[in-house]
Amino acid sequence: MNQKYIFIDIDGTLFDHSTESIPESALIALNKAHKKGHKIYLSTGRANTEIDYEYSALPISGMILSCGAQVIVDNKIIYLANYPRNELTQLMEYMLKNDIGFALDGYKKSYFSDEAFHIFSSLILQNENQNSELARAKMAQKRMYHLDQFQEKDLEQILKISLFSSNWERCQDLMDHIPDSLQGFIYKNKNYGLVNGEISMKGINKATGIDKIIAYENTSLSDTIAIGDSLNDIEMLKHAKIGISMGNGVQELKERADFVTKDIGDDGLAYALQYFHLI
């Protein structure tokens, strides 16, 4: 088999939030695919600051981050698209005024509003004493900071807005106030009882990230495979030669996929790689 370029989403595809871990079968499958000569790339809505060591230690050749706004190959940034300054400040004002939890995803640092900061610090600290100083210290280790530390100079390194809110109606209203140069979506996260979503630059997504990588690698779309589970994976699955939806994926994605594998908790990633003879 020719060398394939495999693009894999993280949350809900590689990382199982119900167990807070990467399935052992997925780890084994990725290593087998790597040993067979295939190149593996993570393709995620997460910012660089949200990539833990366990992901960078995987047998990967690069990452598409912040839904295509940052692309890394062989530890080298090959593409970076900064968020438009005026639109960013307008959205920040609107979200703060309407108490919508959000994070400003940057390639150097990320900044969290009160609600979003509490959510993330609770996940990081788990059962530890969640006093504010400990939370800030733990978050800073991951280059995540409270919004009160945000400075005007930081506007230049923001790539995407992520939403972490408890109010669906307010997030719906926010979607109606997105400038024409941007695009966004929201969904109900059953794992945490939250409204999650993203507001990104129009024309930049995981599919454009794939284009940056195949151009850099001097290959073609005919050798690409994409695997995901969420709304921000739709463009990627439609763009790749083979688009695979996880069994636990959203219905809109399944309808556009070439193949629907098993759920993440039923070794879905490993099953997909085996089905297409990649391992």
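So here's what we get for this one:
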quantity	calculated
Elements of type helices (runs of 4 or more DSSP H) contained in the range 105-208, each with 3 or more residues being touching a Pro at 6+ places or on another chain (Cβ under 9 Å), β-branched (Val, Ile, Thr) and at pLDDT 80 or above	none
Verdict on residue 275 being at pLDDT 95 or above, within 22 Å of residue 35 (Cβ to Cβ) and touching a Lys or Arg at 6+ places or on another chain (Cβ under 6 Å)	no
Per-region count, the range 24-59, residues surrounded by fewer than 22 Cβ atoms within 10 Å (Cβ to Cβ), in a loop (DSSP other than H, G, I, E, B) and modelled with pLDDT of 95 or more	3
Hits in the range 210-223 - residues which are of a type outside the set (Gly, Ala, Ser) and surrounded by fewer than 23 Cβ atoms within 10 Å (Cβ to Cβ)	211, 212, 214, 216, 217, 218, 219, 221, 223
Residue 242 surrounded by 23 or more Cβ atoms within 10 Å (Cβ to Cβ) and either closer than 28 Å to residue 24 by Cβ or of a type in the set (Asp, Glu) (or both)	no
Total residues in the range 84-113, condition under 21 Å from the mean Cα position of the chain (by Cα) and surrounded by fewer than 15 Cβ atoms within 10 Å (Cβ to Cβ)	1
Residues (surrounded by fewer than 22 Cβ atoms within 10 Å (Cβ to Cβ) and without any contact (Cβ under 8 Å) to a residue 40 or more places away in the chain) located in the range 258-270	258, 259, 260, 262, 263, 266
Options 78, 64: the member that is surrounded by fewer than 22 Cβ atoms within 10 Å (Cβ to Cβ), closer than 30 Å to residue 36 by Cβ, touching a helix residue (DSSP H, G or I) at 6+ places or on another chain (Cβ under 8 Å) and modelled with pLDDT of 95 or more	78
Residues (under 11 Å from residue 263 (Cα atoms) and in contact with a strand residue (DSSP E or B) (Cβ under 6 Å, 6 or more places away or on another chain)) located in the range 226-246	245
Criterion violated by residue 39 - all others in (1) in contact with a strand residue (DSSP E or B) (Cβ under 6 Å, 6 or more places away or on another chain); (2) not assigned by TED's automatic domain parsing to the domain that holds residue 233 satisfied	(2)
Some residue of the range 89-112 being outside the structural domain of residue 146 (by TED's automatic domain parsing) and over 25 Å from residue 214 (Cβ atoms)	no
Tabulated pairs, the range 36-47, first in contact (Cβ under 8 Å) with a residue 24 or more places away in the chain, second in a strand (DSSP E or B) and of a type in the set (Asp, Glu), C-beta under 8 angstrom, 6+ apart or interchain	44/11; 45/11; 45/198; 46/11; 46/105; 47/105
Within the range 222-279, tally of residues that are among the β-branched types (Val, Ile, Thr) and in a loop (DSSP other than H, G, I, E, B)	3
Filter result (farther than 20 Å from residue 265 by Cβ, buried (at least 22 other Cβ atoms within 10 Å of the Cβ) and not basic (Lys, Arg)) within the range 1-23	5, 6, 7
Failed condition for residue 94, given (1) at pLDDT 95 or above; (2) among the hydroxyl-bearing types (Ser, Thr, Tyr); (3) out of contact with any His (no Cβ under 7 Å at 6 or more places or on another chain)	(3)
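The values are calculated or read from the model by the stated rules, or taken from the named source; none is laboratory data. All values derive from a computational prediction rather than experimental measurement. Backbone-built Cβ (ideal geometry, glycine too); neighbour counts: all protein chains shown.
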